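The values are calculated or read from the model by the stated rules, or taken from the named source; none is laboratory data. Quantities reported herein were computed from a predicted structural model and do not represent experimental measurements. No Cβ is skipped: glycine too gets one built from the backbone with ideal geometry, and neighbour counts run over all protein chains shown. Ligands, DNA and RNA are excluded from the accessible area calculation, which covers all protein heavy atoms including side chains. Shrake-Rupley method; radii C 1.70, N 1.55, O 1.52, S 1.80 Å.
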Amino acid sequence: MNDKNLSEELSAGETASPISQKINVLKLPAKGLNVKIEPDADALAALAEAMDVLSISAFSAKLNIKRWHKDGVRVSGPLSAVLHQQCVITLKPVEEVINEEINAVFVPETSKLAKPDVSGEANELLIDPEGDDVPEVFQSPFLDVGEITAEFFALEINPYPRIDGAEEEAKKFAEDSNPDGDDAKENPFAALAALKDKL
């Protein structure tokens with residue numbers, strides 16, 4: 001079975017992501033499986049809506065999926081994308097370029113590796129700062145590498161996008177809206193007149 005046929009084997013159920021692409025990890029070749037994710041225009045539009053951004057003009061991931069330990073899977077490879085959002089200050093469109101390296105490991109829910117090691121009476125969690133991240137779990141035998149890619153993409157999106165010079169534009173707008181300046185104070189004679197009217 002070639003890489004294309006293997007990557008196209010989908011499990012039953014609803015699509016979790018606009019770029020969902022499920023593979024059967026039980027049929028991974030010994031050397032691993034290479035998967036390229038390049039959504040078409042419709043999928044990009046659906047992904048942009050799901051991520052709450054204006055648009056996504058480019059999106060590509062080249063992944064290698066290979067066995068990790070006995071029953072785990074490692075997913076690695078570069079992700080690149082170009083998206084457009086609204087500047088949080090001016091509301092003008094701002095372009096963002098993402099270049100991220102995906103590197104994650106996954107194990108079946110029943111795997112012993114899915115349970116973190118604990119030690120001592122307090123059941124303290126032991127984590128090696130130089131070691132791999134704690135594996136994520138998935139429902140074997142299908143792993144959705146498209147969903148994984150979308151999750152890495154979402155983590156890289158700037159939550160507060162700004163165009164260059166956004167602060168200066170905001171300051172100029174504030175000055176135009178308030179020509180007297182932020183320190184302008186109410187006329188003291190007007191305040192006295194208002195007080196007199198109340199007496």
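Below is a table of values for the structure above.
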quantity	calculated
Ranked order, 152, 106 - accessible area, probe 1.4 Å, largest first	152, 106
The stretch 72-115: relative contact order as a whole-number percent, Cα under 8 Å and 6+ apart	45
Hz values of 3J(HN,Hα) by residue in the stretch 140-150 - Karplus curve (6.51, -1.76, 1.60), Gly and Pro given as x	4, x, 9, 10, 8, 6, x, 5, 4, 4, 4
Total formal charge among the other residues, if their Cβ is under 13 angstrom from that of residue 78, Lys/Arg +1 and Asp/Glu -1	-2
Among the listed pairs 62/112; 36/66; 27/112; 36/112; 62/92, those beyond 25 Å (Cα-Cα)	62/112; 36/112; 62/92
Ranking by accessible area, most exposed first, for 69, 84 with a 1.4 Å probe	69, 84
Dipole in debye (nearest 20) - the stretch 11-108, about Cα centre, beta carbon charges: Lys, Arg +1; Asp, Glu -1	760
